[in-house]
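Here is the structure we will look at.
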Amino acid sequence: MFYWVLLILLVNGIVAFVYTAMTTTDPSATWGMFATAYIYFVGITQTGIVFSAMMRIAKSKWGLYFGRLGEILTFSFIPVSIVMFIAIYCGGLEHLFYWAAPDATAHGPISPWLNKDFFLWRHIITTGLFYLISFWYFSAARSEEKGGRLGTYSGGLNALAAFVMFFYVWANTNMAWDFGMMIIRHWESTIFAGYFWVGNIFACAPLLYIMSFKFITRRPGRHIETSLLDPLGKFFMGFTLTWIYMFWSQHVVTWYADLPNRTAPLIKQTIGAFQPTFMAMLLFVFIVPFIALLFRKIKLNYVTLYAVGVIILAGIWFNRYLMVVPVFADGTKPVFATWMGLSLLVAGFAAMYLSVACYRRLFPGVTVTTFDLATGAKLLEDTDEHDILIN
């Protein structure tokens with residue numbers, strides 16, 4: 001019944017978007033919401049395997065509990081990300097990018113970078129290389145679990161993990177440039193790409209924690225152990241501070257130049273009808289998590305940490321919304337708080353859960369359990385053994 005409900009929500013999101021795009025006289029804001037969903041869900045799902053790579057390089061044993069689920073999340077969402085990109089390229093390009101419009105050159109010459117064919121191929125190449133190196137890393141890690149020759153902290157897997165992160169940064173920098181900067185005429189920022197993918201990493205960790213309640217089994221009546229909650233809460237706090245640093249760096253550089261073409265898009269995100277969303281973003285991404293995670297009782301309680309995770313995910317969604325939609329909407333009409341806007345958000349989460357469920361059904365040999373790679377012992381989440389290994 002759970003998956004049938006998810007399927008209905010997914011279909012509802014598709015129908016809501018298609019109907020709105022076809023019946024609206026100017027569908028630019030509608031496509032802006034679709035682009036928001038694209039960069040939000042593709043960004044955080046691609047980060048799943050990056051989380052695993054980060055935990056491996058950091059030699060983190062607690063991170064192994066969530067690492068395999070992150071890897072599965074990345075690969076299972078590939079078909080959805082391809083469909084969404086094809087929809088944008090075939091139907092939304094002229095609505096989203098001023099340089100793709102038929103009269104684009106009327107306002108002056110266009111850079112060779114802003115080209116439909118180049119847009120297509122740079123996304124295919126950067127994203128394709130990321131998924132290829134990720135699959136190599138994923139296969140090598142599974143080979144290790146089955147007794148392969150690659151060791152835990154050997155140069156082989158660590159090098160692959162580093163390459164995963166390198167190609168991730170490359171692919172997400174390209175996504176940030178195209179869907180964050182190239183939708184605005186003459187707007188650029190040197191820190192924007194880092195600001196974007198730090199937000200993805202920040203959102204991915206609570207997503208994996210929330211999804212673990214569904215996909216990582218435990219004994220009936222048992223909850224996730226404090227030996228996992230404590231470092232996870234510290235991870236949340238670390239990226240809360242990292243995100244606000246990147247947010248400040250992004251804005252202070254722009255304000256320092258004080259050029260109207262650079263400050264105007266940021267001002268528009270903070271005034272009028274977008275002001276409540278901007279305040280909610282700061283509240284959800286920084287203020288609430290920072291204050292909440294100061295208290296050890298909140299970090300060590302699986303329910304309160306779950307709530308903090310949901311708040312962080314909502315805050316990053318608001319961040320992506322403000323990144324795209326104000327370019328195409330003046331704020332006089334609601335875009336997010338509509339049937340279409342809410343349906344797209346819910347449909348994205350439904351697609352993630354359904355993707356992981358289908359992946360597990362199609363590839364039952366790929367488990368979501370992990371291993372203590374330092375000793376070669378299996379890390380069983382439904383026994384007390386993993387408490388010993390983690391500690």
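The values are calculated or read from the model by the stated rules, or taken from the named source; none is laboratory data. Small disclaimer: the values here were computed from a predicted structure and weren't measured. Cβ placement follows ideal geometry from the backbone for every residue including glycine, while neighbour counts extend to all protein chains displayed.
Looking only at the range 324-348, count every residue that is of a type in the set (A, V, I, L, M, F, W, C), surrounded by 19 or more Cβ atoms within 10 Å (Cβ to Cβ) and in a helix (DSSP H, G or I) and tell me the total.
Selection size over the range 324-348: 7.
Please go through the range 275-302 and give me each residue that is in a helix (DSSP H, G or I) and more than 25 Å from Phe336 (Cβ to Cβ), ordered by number.
Taking the range 275-302 and keeping what is in a helix (DSSP H, G or I), we get 275-292, 296-299, 302.
Answer for the range 275-302, where residues must be in a helix (DSSP H, G or I) and more than 25 Å from Phe336 (Cβ to Cβ): Ile291, Arg296, Lys297, Ile298, Lys299, Tyr302.
Could you say which residue among Ala329, Ala350, Ala337, Ala307 is aliphatic (A, V, I, L, M) and more than 27 Å from Phe247 (Cα to Cα)? Reasoning before the result, please.
Details: Ala329 fails: more than 27 Å from Phe247 (Cα to Cα); Ala337 fails: more than 27 Å from Phe247 (Cα to Cα); Ala307 fails: more than 27 Å from Phe247 (Cα to Cα).
The unique qualifying residue is Ala350.
Would you tally the residues in the range 317-359 being among the polar types (S, T, N, Q) and under 17 Å from Leu6 (Cα atoms)? First the steps, then the outcome.
Filtering the range 317-359 for residues among the polar types (S, T, N, Q) gives 319, 332, 338, 343, 355.
Subsequent filtering for residues that are under 17 Å from Leu6 (Cα atoms) retains 343, 355.
Final tally of qualifying residues: 2.
Please tell me if Phe66 is in contact (Cβ under 8 Å) with a residue 60 or more places away in the chain and either under 30 Å from Ala140 (Cβ atoms) or within 20 Å of the chain's Cα centre (by Cα) (or both).
On the way: in contact (Cβ under 8 Å) with a residue 60 or more places away in the chain: yes; either under 30 Å from Ala140 (Cβ atoms) or within 20 Å of the chain's Cα centre (by Cα) (or both): yes.
So Phe66 passes the test.
Residues that are closer than 20 Å to Thr126 by Cβ and among the charged types (D, E, K, R): which helices (runs of 4 or more DSSP H) entirely in the range 1-105 hold 1 or more of them? Steps first, answer last, please.
Numbers: elements: 2-23, 28-57, 64-76, 78-87, 93-96.
Result: 64-76.
Mind checking whether some residue in the range 73-84 is within 18 Å of Ser134 (Cβ to Cβ), of a type outside the set (A, V, I, L, M) and at pLDDT below 90?
First, the residues of the range 73-84 that are within 18 Å of Ser134 (Cβ to Cβ): 73-82.
Keeping just the survivors that are of a type outside the set (A, V, I, L, M) gives 74-77, 79, 81.
When the remaining residues are screened for being at pLDDT below 90, the result is none.
No, there is no match, as no residue in the range 73-84 is within 18 Å of Ser134 (Cβ to Cβ), of a type outside the set (A, V, I, L, M) and at pLDDT below 90.
Can you tell me which residue among Phe363, Phe349 is modelled with pLDDT under 90 and over 12 Å from Met33 (Cβ atoms)?
Values: Phe349 fails: modelled with pLDDT under 90.
Step by step, each of Phe363, Phe349 is checked, and only Phe363 is modelled with pLDDT under 90 and over 12 Å from Met33 (Cβ atoms).
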